[in-house]
Amino acid sequence: MLEVSVIIVNFNTGDLIKNCLESVFSQKDINLEVIVVDNASHDQSVEIMRGYQDKVTLIYNQENVGFGRANNQGVRVAKGRYLFLFNPDAVLEGKMALAQMVEYMQSNPRFGLVGTQVIKGKGGGYSIPQVLYPAQKYTSLSFSFLPGEIAWVIGASMMVRRDVFEQVKGFDEDFFLYGEEADLCFRIRKIGFSIGYYAEVAVRHLGGGSERSTSSSELWRKKQNGLHLFMRKNYPAYENEKILSLHIRRAKRKLFFLSFQKLCGLFTEEKQKSYERYQVVLETSEKMLHELLKSSLLMRNRELSH
């Protein structure tokens, strides 16, 4: 069996994926394969990847099926004992990165999934492992009964045991983009494995490579949809109601002050983006809260009828 299957989901990152692939092919002392799943890119991605068709297994989707579903497609044809899920807008730092990751996972069998150090863009800074799940800080929920201290790691660069990935049935394909890696890590911990973080291996991640043409409001809508799906799946209704109510109050307060600044002629481009963000937060949170209360009411009515 191959040691590592590198799986890259591509969407309109043709100008970036070449550097990504070259960083993978430069890896030493590792037996690997590379699988690229293209989500119906409409840039030069397909032409660029054809230049690697002797080195890469290519899967072309007729539509953008989302990050999690495309990764699951890649895993179904993968032959590696370990799966390295990698973003096309990222590059591996160093030629021994994947060999080090495999050695680390072999030495630490308690880890079902391990994230790397992720350096943000050209300016530096780091994406650190998270000890709380999305919006958990607004709840009274504790997941201290789960193994390990790390809740989840960023999905741009992570290695997972193939048998563990298959045991949890991979990514939840209800997630389109955002939130799916936190959900995957949560389910891996629930079957008894810890989430690891190996800072000795680093990748440089541009971030948002596939979202460059997405408007700020649409980007926030995608992020809110991912957050709300994670909450619905993993938190009880009363905690969701608490989180949503808090988000609604905060969004209204922010919009009030931003509207006042706009009237006073103090509006900047950055404040316009903030205004669009909180409009989306308000709209999506109110919608989810309405659906939640409606569902709770229907459930109470059914209980009374019995």
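The values are calculated or read from the model by the stated rules, or taken from the named source; none is laboratory data. Please read all numbers here as calculations on a predicted model, not as lab measurements. Note that we place each Cβ from the backbone using ideal geometry, even for glycine, and neighbour counts take in every protein chain shown.
Quick notes
- Conditions (1) over 30 Å from A237 (Cβ atoms); (2) small (G, A, S); (3) assigned to a loop (DSSP other than H, G, I, E, B): number failed by S144: (1)
- Filter result (buried (at least 20 other Cβ atoms within 10 Å of the Cβ) and either touching a Pro at 6+ places or on another chain (Cβ under 8 Å) or within 30 Å of L244 (Cβ to Cβ) (or both)) within the stretch 88-117: L113, G115
- Matching residues in the stretch 165-178 - criterion: being more than 15 Å from the chain's Cα centre (by Cα) and surrounded by fewer than 20 Cβ atoms within 10 Å (Cβ to Cβ): E166, Q167, K169
- Residue count, the stretch 168-191 (criterion: in a helix (DSSP H, G or I) and touching a strand residue (DSSP E or B) at 6+ places or on another chain (Cβ under 9 Å)): 8
- Test set (1) of a type in the set (A, V, I, L, M); (2) crowded, with 20+ Cβ neighbours inside 10 Å; (3) not assigned by TED's automatic domain parsing to the domain that holds A135 - L246 fails condition number: (2)
- Only helices (runs of 4 or more DSSP H) whose full extent lies in the stretch 6-94 are considered here, and the ones with at least 1 residues that are in contact (Cβ under 8 Å) with a residue 12 or more places away in the chain, in the same structural domain as A202 (by TED's automatic domain parsing) and within 19 Å of the chain's Cα centre (by Cα) are 14-25, 67-77.
- K137 vs. criteria free of Cβ contacts under 8 Å to residues at least 40 places away in the same chain and touching a helix residue (DSSP H, G or I) at 6+ places or on another chain (Cβ under 9 Å): no
- Residue match in the stretch 216-223 (condition: under 17 Å from M288 (Cβ atoms), in contact (Cβ under 8 Å) with a residue 60 or more places away in the chain, not in a strand (DSSP E or B) and not polar (S, T, N, Q)): yes
- Selection count, the stretch 179-197, where residues are among the aromatic types (F, W, Y) and either modelled with pLDDT under 95 or over 18 Å from the mean Cα position of the chain (by Cα) (or both): 1
- Candidates in the stretch 229-257 are the residues that are among the aliphatic types (A, V, I, L, M) and modelled with pLDDT of 95 or more; of these, the one that is nearest to G179 (Cα to Cα) is L229.
- Out of R161, R204, sole residue that is assigned by TED's automatic domain parsing to the domain that holds A90, at pLDDT below 95 and crowded, with 19+ Cβ neighbours inside 10 Å: R204
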